[in-house]
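What follows is a single structure, written as structure tokens, with notes after it.
Rule-based calculations on the coordinates, nothing more; no lab input. Quantities reported herein were computed from a predicted structural model and do not represent experimental measurements.
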Amino acid sequence: MSDMRHDPRAAFIDAATWHGSLERAEAILAAHPELASSDIHTAAVLGDDAAVRRFLERDQANATAKSDSYWTERCSRESVKALLDAGASTSGVPFPSGHAAVDELLRTHRP
């Protein structure tokens with residue numbers, strides 16, 4: 001995992017994906033607005049379905065790109081669906097995730 005003291009993206013994903021207040025994640029994003037469009041993982045965490053689709057259209061390999069993101073935590077159902085439809089692996093994704101709409105998708109994509 002990246003050193004979060006020097007990596008605003010890693011700090012944002014950590015703050016945005018763990019349970020609790022999103023104030024820290026929002027503060028990081030306000031200080032580094034470029035993060036919002038930096039990669040598919042950040043787009044998924046933000047629930048930016050259009051950006052997730054753009055990253056997949058540019059390169060299908062984005063669906064299986066590795067990251068320390070926990071995309072089922074705060075990701076929208078549409079973003080999770082786009083990732084799974086493009087070939088994202090559910091390996092290592094906790095199931096049930098605790099999010100009914102996401103669990104519905106994960107059930108059909110279990111290995």
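Considering only alpha-carbon pairs that sit under 8 angstrom and 6 or more positions apart, the relative contact order computed for region 8-108 is 23 percent. With an a/c value of 1.5 or above and a/b not larger than b/c for the gyration tensor axes a ≥ b ≥ c computed over the alpha-carbon atoms, region 8-108 is described as oblate.
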